[in-house]
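Notes follow once the structure below has been shown.
The values are calculated or read from the model by the stated rules, or taken from the named source; none is laboratory data. As the structure is a computational prediction, the values presented were derived from the model and not from experiment. The protein model used for the area step is the full one, side chains on, heavy atoms only, and it has no ligands, DNA or RNA in it. Shrake-Rupley method; radii C 1.70, N 1.55, O 1.52, S 1.80 Å.
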Amino acid sequence: MKRIARLILVPALFLLSLPLKTLAQTDPDLTFLGLLTDRDGNSLGKETLHVRLQLYPKTSQTPLFASERDAVTDENGWFQLLVEDLLSCGDGTDFPREITLDLTLVGTKKTTFLAEGEEFQLRYSLVFQGGSENQNPFITRLDGVRLTEHAESELFVCKDEYPFGWVTGGFVWTDRSTVRKQAVKDLQEWIRPQTEGDGVNRGLKGGFPGGSYKKQN
């Protein structure tokens, strides 16, 4: 079974993109993107921290996937985690319909918002209501609040409307790297839009204003 994780530093946000084919044809990747800020909402760029990521079934503490490493946010405070072939993780049995995602940030000597060794944890629940094949995950926070969603024929994304402590983000669930790369750029604008006059600037690529994906060439 593939169990591959990569920590990538790109300007982006939390997103999720949906399986475009059946499980027999391909396994989708799960991307988590987060924006790290201080308590006043100022981004924490070039922040060094240790990251632990675990995915495990709702009914078990045995991880389907586990990875940890040191990381540095980009100059704007963004960081990204990619779990490839998520549905191939585990012991080869049927993939569970409900899993828990635990992301733990651990302070290092160079971390400014956490003391060395201090931990901060984010937790989300992912539920595949009709099974894992061709289904959009139902994603909620630890407190039961459902993330805001946007779906297209080749894309399912969701974002957290409120900061989770120091982190605001979303998910992408897709089996196409080209779709994921563009969604990351657009979701960055969706998570943290910049105001211009009386309107909202969603970025050159459009973002997801009003739940509608409007890509500008």
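Any idea how many residues of the stretch 40-68 are charged (D, E, K, R) and on the phi > 0 side of the Ramachandran plot? Outline the logic, then answer.
Just the residues of the stretch 40-68 that are charged (D, E, K, R), to begin with: 40, 46-47, 52, 58, 68.
Now narrow it down to the ones that are on the phi > 0 side of the Ramachandran plot: 46.
Residues in the stretch 40-68 being charged (D, E, K, R) and on the phi > 0 side of the Ramachandran plot: 1 in total.
Filter the stretch 176-210 for residues that are open to solvent by less than 80 Å² (accessible area, probe 1.4 Å) and at pLDDT 75 or above and give the result.
Within the stretch 176-210, Ser177, Val179, Arg180, Gln182, Ala183, Val184, Asp186, Leu187, Gln188, Glu189, Trp190, Ile191 meet the criteria.
Taking Gly45 as the residue in question, decide whether it is closer than 25 Å to Trp166 by Cα, modelled with pLDDT of 90 or more and outside any strand (DSSP E or B). Full working, then the answer.
On the way: closer than 25 Å to Trp166 by Cα: yes; modelled with pLDDT of 90 or more: yes; outside any strand (DSSP E or B): yes.
Answer is yes for this residue.
Answer yes or no: is there a residue in the stretch 69-84 that is among the acidic types (Asp, Glu) and under 15 Å from the mean Cα position of the chain (by Cα). Write out each step before concluding.
Residues of the stretch 69-84 among the acidic types (Asp, Glu): 70, 74-75, 84.
Add one more test, that the residue is under 15 Å from the mean Cα position of the chain (by Cα), and what stays is 84.
There is at least one residue in the stretch 69-84 that is among the acidic types (Asp, Glu) and under 15 Å from the mean Cα position of the chain (by Cα).
Residues of the stretch 166-175 being outside any strand (DSSP E or B) and modelled with pLDDT under 85, which ones? Steps first, answer last, please.
Initially, the stretch 166-175 is screened for residues outside any strand (DSSP E or B), giving 166, 175.
Asp175, the sole residue that qualifies.
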